[in-house]
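Reading through the structure tokens given below for one structure.
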Amino acid sequence: MQDNGHRTNLNMFIEKCKQHNLKVTPQRISIHRAVIQSMNHPSADEIFQIVKKEFPNISFDTVNRTLLTFSQIGILKIVESFRGARRFDPNLANHHHLHCIDCGKIIDFNNENYDQLEVPRNIQPGFTVLNKRVVLSGICKECHNKK
């Protein structure tokens, strides 16, 4: 049985697809579910590896294009990445990221002070800021303990 959180995510997903005239197919539901259930800001390849177990004939290109479409219509976000493949984030709430420069892990965190950062005045006249996210890079605890 599905929990309420999954049903809420599925309902939001279906509604967003309908708003953008995007068919709700079993493959798209599977891709969406794989991203939602992932806890590590997955890459398109990681999602592809999960989805192809259910749909063996699905191509990497289909998964990648679907993820990009999902980001364009507001179902998920593309996460800034310092190395490797583009990563995706199903967490649409305002939050910030810690990036480990050794293993590539991305960790979500919240900070009200960062949420309230002022946009510099010299930027404001020629640029409309739609989103603010602070990204901190460093070494995670696991990598630090290995050294």
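The values are calculated or read from the model by the stated rules, or taken from the named source; none is laboratory data. Keep in mind that this is a model prediction, so the values were computed, not measured. For neighbour counting, all protein chains shown are included, and Cβ atoms are generated from backbone atoms with ideal geometry for every residue, glycine included.
Out of all the residues in segment 8-65, which are among the aromatic types (Phe, Trp, Tyr), more than 13 Å from Leu76 (Cα to Cα) and part of a helix (DSSP H, G or I)? Within segment 8-65, Phe48, Phe60 qualify. Counting only strands (runs of 3 or more DSSP E) that fall entirely inside segment 90-147 and contain at least 2 residues that are among the charged types (D, E, K, R), no element qualifies. Enumerate the pairs (first residue in segment 119-143 and closer than 13 Å to Glu80 by Cβ and not assigned by TED's automatic domain parsing to the domain that holds Ile78; second residue anywhere and among the charged types (D, E, K, R) and part of a loop (DSSP other than H, G, I, E, B)) with beta-carbon separation below 8 Å, excluding pairs fewer than 6 apart on the same chain, so at least 6 apart or on different chains. Correct list of pairs: Arg133/Glu80; Val135/Glu80. Every test in (1) touching a helix residue (DSSP H, G or I) at 6+ places or on another chain (Cβ under 7 Å); (2) surrounded by 13 or more Cβ atoms within 10 Å (Cβ to Cβ) is passed by Arg87 save one, and that test is (1).
Table: residues versus (1) within 24 Å of His97 (Cα to Cα); (2) surrounded by 12 or more Cβ atoms within 10 Å (Cβ to Cβ).
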{"site": "Leu10", "(1), (2)": "no, yes"}
{"site": "Ile14", "(1), (2)": "no, yes"}
{"site": "Asn21", "(1), (2)": "no, no"}
{"site": "Arg28", "(1), (2)": "no, yes"}
{"site": "Arg33", "(1), (2)": "yes, yes"}
{"site": "Ile36", "(1), (2)": "yes, yes"}
{"site": "His41", "(1), (2)": "yes, yes"}
{"site": "Ile47", "(1), (2)": "yes, yes"}
{"site": "Val51", "(1), (2)": "no, yes"}
